[in-house]
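Reviewing the structure listed below.
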Amino acid sequence: MSSIQDLTEGRIDFAGQVMVDNISRVALIVSTFIAFCIGFGLQDIRATFAFMAVAIVGLAAVVLPPWPMLNQNPVKWLPVKHKGSVEKKL
Amino acid sequence: MLEELKAFKKLGVRHILLQILNFATVIASGLMIWKGLGVLTNSESPIVVVLSGSMEPAFYRGDILFLTNPSNQRYKTGDITVYKIPGAEIPIVHRVLETHDVSPKKQASTRSKSLVPHQRLLTKGDNNYVDDIELYQGLDWLERKHIVGKVRGFLPYVGYVTIAMNDFPQLKYALLGTLGLLALIQRE
Amino acid sequence: MHSILSRINNASAFLSSCMMALLLAISLSSFILTESPTGQVAISSIKVVSSHARRYSSKKQDLAFVHFNLTADLTPLFHWNTKQLFLYLEAEYENSKGVKNEVVIWDRIVRRKEDANIKFAGKNSYMFRDISTTFKNSASANYTLKYNIMPYVGLLTYGEAGKTTEEIAFPATQSRL
């Protein structure tokens with residue numbers, strides 16, 4: 001059960017989350033703008049939505065899977081303190 | 001299960017009431033916007049989803065139409081109207097083929113001085129071969145009181161979700177099922 | 001944003017805002033792309049015949065048969081947000097009882113720019129009859145070629161592509177064609 005969860009969850013670290021947020025926002029705004037310009041320039045509304053579809057698929061490939069790039073800053077937890085025992089160093 | 005109940009108790013009555021209040025606010029504001037739009041456009045349902053193919057290739061099933069029904073404007077030929085005949089269940093989206101403005105002289109004595117022009121209309125679907133007389137359920141002409149509004153704006157495909165839910169009830173259960181599955185395999 | 005689902009959720013929420021903005025921009029762009037087309041309407045002949053027809057089939061009523069020539073160049077109306085044109089010829093007249101009438105007697109759907117150069121000669125495709133069953137003493141009629149631009153997204157717009165230069169009177173009723 002937990003392996004399925006790991007597979008579907010695709011956990012990334014906090015720095016990765018910030019990066020994903022920034023990438024998706026900038027990419028969506030820019031690609032929307034470009035899509036409009038392409039369609040308007042070619043006078044073809046299909047070109048607009050084809051470009052949007054490609055952009056969305058590309059963005060999904062970059063942002064959704066838990067790429068190693070998004071997991072470069074794992075949270076450093078404090079070591080577990082055992083009562084009575086000597087503190088071990090990590 | 002018991003622990004969940006305990007956690008629920010810990011939240012307290014206030015929190016639950018707040019949740020209910022939030023929920024009610026969402027519903028009330030939705031209704032308010034809908035009714036407000038209705039007042040602004042003078043139409044009983046200012047946004048409709050196309051249900052039939054009789055206006056193809058202009059409108060396909062699932063397209064969303066925005067309507068207005070300005071009370072002091074007359075309808076012209078070529079306008080696309082949404083009308084509802086008393087006794088018929090669903091409103092129909094068709095184009096006006098003929099308008100006949102019955103002279104206001106006769107009205108003034110018999111009718112109250114309303115701004116609504118007195119018109120007789122005949123409509124036809126772009127994709128139909130004949131006009132709509134058969135659809136009027138015995139009426140000879142369409143009148144203003146039957147008309148819900150005229151189509152002003154258009155958004156394709158967006159309303160198809162509602163139609164798909166109606167056409168394929170399995171889809172509803174599939175959707176609910178996947179939602180439930182997601183809730184199960186997701187960690188807290 | 002930690003899991004795939006929450007990333008999908010966040011990104012698609014922002015995507016829908018972007019899509020709304022894009023659709024709005026597309027629908028607004030059709031306002032700066034509008035141009036007025038040119039066209040001519042010429043009526044070659046009108047006959048009015050007394051006959052039985054579907055409506056009031058018990059009584060005899062007048063049917064008008066209008067032959068006309070249309071030429072119009074509607075290609076400027078086709079831009080990226082034009083799904084189709086609905087083109088129609090409308091007769092406008094006032095009958096003997098003072099009722100103002102507008103009747104569509106012919107229409108055509110134009111879906112491609114290549115088909116937008118209209119040359120048509122023929123007669124009315126819809127039955128043309130008066131609400132009072134007779135055209136007797138009706139005022140002369142104007143014939144106007146109108147169009148309705150139906151966009152992929154946005155507002156429907158209407159316009160006029162051509163008009164008869166003068167009003168045309170209805171002839172006397174014949175008993176047979």
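Tabulated values for the structure
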item	result
Flag for A:Pro74 being over 27 Å from C:Phe78 (Cβ atoms) and within 11 Å of another protein chain (Cβ to nearest Cβ)	no
Given (1) touching a helix residue (DSSP H, G or I) at 6+ places or on another chain (Cβ under 6 Å); (2) more than 10 Å from chain C (Cβ to nearest Cβ), index of the condition A:Leu28 fails	(2)
Options A:Val18, A:Val63, A:Val54; residue that is in contact with a Lys or Arg (Cβ under 7 Å, 6 or more places away or on another chain) and at pLDDT 85 or above	A:Val63
The stretch A:42-66: number of residues that are within 8 Å of chain C (Cβ to nearest Cβ) and farther than 19 Å from A:Val30 by Cβ	5
Hey, B:Ile147 out of contact with any Cys (no Cβ under 9 Å at 6 or more places or on another chain), without any contact (Cβ under 8 Å) to a residue 24 or more places away in the chain, surrounded by 15 or more Cβ atoms within 10 Å (Cβ to Cβ) and assigned by TED's automatic domain parsing to the domain that holds B:Leu97 or not	no
Every pair of residues 6+ apart whose Cβ atoms lie under 6 Å, when the first sits in the stretch C:108-127 and is in the same structural domain as C:Ser45 (by TED's automatic domain parsing) while the second is surrounded by 14 or more Cβ atoms within 10 Å (Cβ to Cβ) and of a type in the set (Gly, Ala, Ser)	C:Val110/C:Ala116; C:Ile118/C:Ala72
Residue that is farthest from C:Leu63 (Cα to Cα) [pool: residues in the stretch C:147-161 that are more than 9 Å from chain B (Cβ to nearest Cβ) and surrounded by fewer than 21 Cβ atoms within 10 Å (Cβ to Cβ)]	C:Thr157
Subset of the stretch C:94-106 [in contact with an Asp or Glu (Cβ under 8 Å, 6 or more places away or on another chain) and either β-branched (Val, Ile, Thr) or more than 7 Å from every other protein chain (Cβ to nearest Cβ) (or both)]	C:Asn95, C:Val99, C:Val103, C:Val104, C:Ile105
Sole exception among (1) of a type in the set (Ser, Thr, Tyr); (2) part of a loop (DSSP other than H, G, I, E, B); (3) within 16 Å of the chain's Cα centre (by Cα) for B:Ser54, by number	(3)
Residue in the stretch B:158-178 that is part of a loop (DSSP other than H, G, I, E, B) and in contact (Cβ under 8 Å) with a residue 40 or more places away in the chain present	yes
Output for the stretch C:107-127, where each listed residue is more than 9 Å from chain B (Cβ to nearest Cβ) and among the β-branched types (Val, Ile, Thr)	C:Val110, C:Ile118
Residue within the stretch B:89-105 that is loosely packed, with under 14 Cβ neighbours inside 10 Å, charged (D, E, K, R), within 14 Å of chain C (Cβ to nearest Cβ) and out of contact with any Leu (no Cβ under 9 Å at 6 or more places or on another chain) present	yes
Within the stretch B:122-138, tally of residues that are surrounded by 18 or more Cβ atoms within 10 Å (Cβ to Cβ), facing chain C (nearest Cβ under 10 Å) and within 20 Å of B:Val50 (Cβ to Cβ)	3
Top-ranked residue in the stretch C:110-146 [being of a type in the set (A, V, I, L, M, F, W, C) and out of contact with any Leu (no Cβ under 7 Å at 6 or more places or on another chain); ranked as surrounded by the fewest Cβ atoms within 10 Å (Cβ to Cβ)]	C:Ala121
Yes/no for A:Leu70 being at negative phi, assigned to a helix (DSSP H, G or I), at pLDDT below 90 and crowded, with 16+ Cβ neighbours inside 10 Å	yes
Residue identified as more than 17 Å from B:Tyr160 (Cβ to Cβ), touching a His at 6+ places or on another chain (Cβ under 9 Å) and surrounded by fewer than 17 Cβ atoms within 10 Å (Cβ to Cβ) among B:Pro86, B:Pro70	B:Pro86
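The values are calculated or read from the model by the stated rules, or taken from the named source; none is laboratory data. This structure is a prediction, so every number in the text was calculated from the model and none was measured. Methodologically, a virtual Cβ is constructed for each residue, glycine included, from the backbone with ideal geometry; neighbour enumeration extends over all protein chains shown.
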